[in-house]
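Undergrad: Supplied in structure tokens, the structure appears directly below.
The values are calculated or read from the model by the stated rules, or taken from the named source; none is laboratory data. Computed from a predicted model, the values in this text were never measured in an experiment. Neighbour counts are summed over all protein chains in view; Cβ atoms, including those assigned to glycine, are modelled from backbone coordinates with ideal geometry. Remember, those area values only see protein heavy atoms, side chains included, never the ligands or the DNA or RNA. Shrake-Rupley method; radii C 1.70, N 1.55, O 1.52, S 1.80 Å.
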Amino acid sequence: MAEWYDRLVGDEGSEYHQKVVFPGVLRMLQVQPADAVLDVACGQGALCRLLETKGATVTGIDAAEPLVEIARQRGPTCIKYHTGDAREIEKMPFIASGAYASAACVLAIQNIHPIAPVFTGVARALKPMGRFVLAMMHPCFRGPKETSWGWEEKEGVQFRRVDRYLVPRKTPIITHPGSAPDVYTWTFHKPIEAYVRALRGAGLLVDAIEEWPSHKTSEPGPRAAAENQARTEIPMFMAIRAVKIG
């Protein structure tokens, strides 16, 4: 999937990364100059490079060697990239215990299962009171194949339909629709309580949850006002911040 994902995200992140996700993640991380920051499932390093411009000392890990190589090629060389499974951070000799002021996992946790080992590894890597920011597609409203937009003609209301939520599930995501139906990756839906429970089990205390709507607006038309209101009211992303307390 590396080539497809690199085209999607690019050097600085997709439009959603740049307009919504990265600004929110930076605000919640509260990165200070010279902070050591760990980017879990860093991909081709878009967030790592942004963190480096804020003065952070950055380490990125990702399971996809091609994406890690792309990240290294784009530099700067001061960012340390490693290939590794996010569920095995505790076993990684290059991730020192208690070395990081903060960590992030951005738009990746829903492609990882199980999540408990990820959080345990992050907790080990963080300093006491270190911050971990987890950003994802909103589990309530953006479940693939189980949520969708709808239009109520009589009331003129744009709404979000939710067919399933509480039961965890595994769903294939086709990465090249129409051209390569056999090429897919997995997404793992979990309710919000599953993330909070796994964080708590790792000794990470949730101290903030933010819900971010899309930044986009509809073209002028009879449904534009209703669509814009629905887009503003029904969030696209959710972010959780947890602090290492033990």
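Undergrad: Calculate the FRET efficiency for Ser97 and Ile245 from the Cβ-Cβ distance with a Förster distance of 25 Å, rounded to the nearest 0.05. Present the calculation step by step, with values, prior to reporting the outcome.
TA: Values: r = 16 Å, r/R0 = 0.64.
For Ser97 and Ile245, the calculated efficiency is 0.95.
Undergrad: Let me ask something else. Only Cα pairs under 8 Å and at least 6 apart count here; give the relative contact order of the range 119-202 as a rounded whole percent. Can you show the working numbers first?
TA: Working: 91 pairs, mean separation 22.4, N = 84.
Contact order relative to length: 27 percent.
Undergrad: Which log10 I(q)/I(0) values, to two decimals, does the range 11-150 give at q = 0.10, 0.14, 0.22 Å⁻¹ under the Debye formula with one point per Cα?
TA: -0.31, -0.61, -1.50
Undergrad: How large is the accessible surface per residue of the range 91-171, computed with a 1.4 Å probe and reported in Å² as a whole number?
TA: Values: 3880 Å² over 81 residues.
With all protein chains present, the range 91-171 gives 48 Å² per residue.
Undergrad: If you wrap a convex hull around the Cα atoms of the range 162-203, how much volume per residue is inside, in Å³? Working shown, then result.
TA: Numbers: hull volume 3.8 nm³, N = 42.
So the per-residue Cα hull volume is 91 Å³.
Undergrad: So for the chain, considering every pair of alpha-carbon atoms, how many percent are separated by more than 26 Å?
TA: Values: 12162 of 30135 pairs.
In whole percent, the long-distance tail amounts to 40.
Undergrad: Over the alpha-carbon set of the range 23-77, divide Rg by the Kirkwood Rh and report the Rg/Rh ratio to two decimals.
TA: Working: Rg = 10.9 Å, Rh = 11.3 Å.
With Rh from the inverse mean 1/r over Cα pairs, Rg/Rh is 0.96.
Undergrad: From the cross-link list Lys19/Lys216; Lys19/Lys127; Lys145/Lys170; Lys190/Lys216; Lys145/Lys190; Lys54/Lys80, which pairs have alpha carbons spaced over 21 Å apart? Present the calculation step by step, with values, prior to reporting the outcome.
TA: On the way: Lys19/Lys216 9 Å; Lys19/Lys127 30 Å; Lys145/Lys170 11 Å; Lys190/Lys216 26 Å; Lys145/Lys190 14 Å; Lys54/Lys80 16 Å.
In this structure, Lys19/Lys127; Lys190/Lys216 exceed 21 Å between Cα atoms.
Undergrad: A further question on this structure: Tell me the Kirkwood radius of the range 151-234: reciprocal of the mean inverse pair distance over distinct alpha-carbon atoms, in Å.
TA: Values: mean 1/r = 0.0599 Å⁻¹.
Averaging 1/r across every pair of different Cα atoms and inverting gives 16.7 Å.
Undergrad: Something else now. Determine ³J(HN,Hα), in whole Hz, for all residues of the range 208-221 in sequence, where each value follows from phi through the Karplus function 6.51 cos²θ - 1.76 cosθ + 1.60 and θ = phi - 60°; x replaces Gly and Pro.
TA: For the range 208-221, the Karplus-derived couplings read 7, 10, 10, 10, 10, x, 5, 8, 7, 10, 7, 5, x, x Hz, x marking Gly and Pro.
Undergrad: Based on the Cβ-Cβ distance of Leu8 and Arg200, what FRET efficiency does E = 1/(1 + (r/R0)^6) give at R0 = 35 Å, to the nearest 0.05?
TA: Values: r = 33 Å, r/R0 = 0.94.
The value I calculate is 0.60.
Undergrad: Around Ile61, what is the net charge, scoring Lys/Arg as +1 and Asp/Glu as -1 over all other residues with Cβ under 14 Å from its Cβ? Before the final figure, lay out each step's value.
TA: Values: positive: Arg72, Lys80, Arg87, Lys91, Arg124; negative: Asp39, Asp62, Glu65, Glu69, Asp85, Glu88, Glu90.
Summing Lys/Arg as +1 and Asp/Glu as -1 gives -2.
Undergrad: Counting helices only, and only those DSSP H runs with n ≥ 4, report the 222 nm mean residue ellipticity of the chain as the sum of -39,500 (n - 2.57) divided by its residues, in deg cm²/dmol to the nearest 500.
TA: -7500 deg cm²/dmol
Undergrad: Normalised by the number of residues in the chain, what is the relative contact order in percent for Cα pairs under 8 Å and 6+ residues apart? Before the final figure, lay out each step's value.
TA: On the way: 497 pairs, mean separation 44.4, N = 246.
Here the relative contact order equals 18 percent.
Undergrad: Another question, then. Excluding ligands, DNA and RNA, what is the solvent-accessible area per residue of the range 1-89 at a probe of 1.4 Å, expressed in Å²? It would help to have the intermediate numbers written out before the result.
TA: Values: 4070 Å² over 89 residues.
With the other protein chains kept in place, the range 1-89 gives 46 Å² per residue.
Undergrad: Quick one: net charge of Thr147's neighbours, Cβ under 13 Å, K/R +1, D/E -1?
TA: +4
Undergrad: Taking R0 as 45 Å, what's the FRET efficiency between Asp207 and Glu15 from their Cβ-Cβ distance, rounded to 0.05? Provide the component values of the computation, followed by the final result.
TA: Working: r = 29 Å, r/R0 = 0.65.
Efficiency at R0 = 45 Å is approximately 0.95.
Undergrad: Can you give the extra length, in nm with one decimal, that the chain gains between Glu69 and Glu146 once fully stretched, where that is 0.36 nm per residue apart less the Cα-Cα distance?
TA: Values: separation 77, 0.36 × 77 = 27.72 nm, distance 3.49 nm.
Here the segment from Glu69 to Glu146 would lengthen by 24.2 nm.
Undergrad: While we're here: Within 10 Å, at most 16 other Cβ atoms, and a DSSP state outside H, G, I, E, B define an exposed site. Report the longest part of the chain free of exposed GluC sites (Glu not before Pro).
TA: On the way: sites that count: Glu12, Glu146, Glu153, Glu155.
With GluC sites (Glu not before Pro) excluded where exposed in loops, the chain gives 13-145 as its longest stretch.
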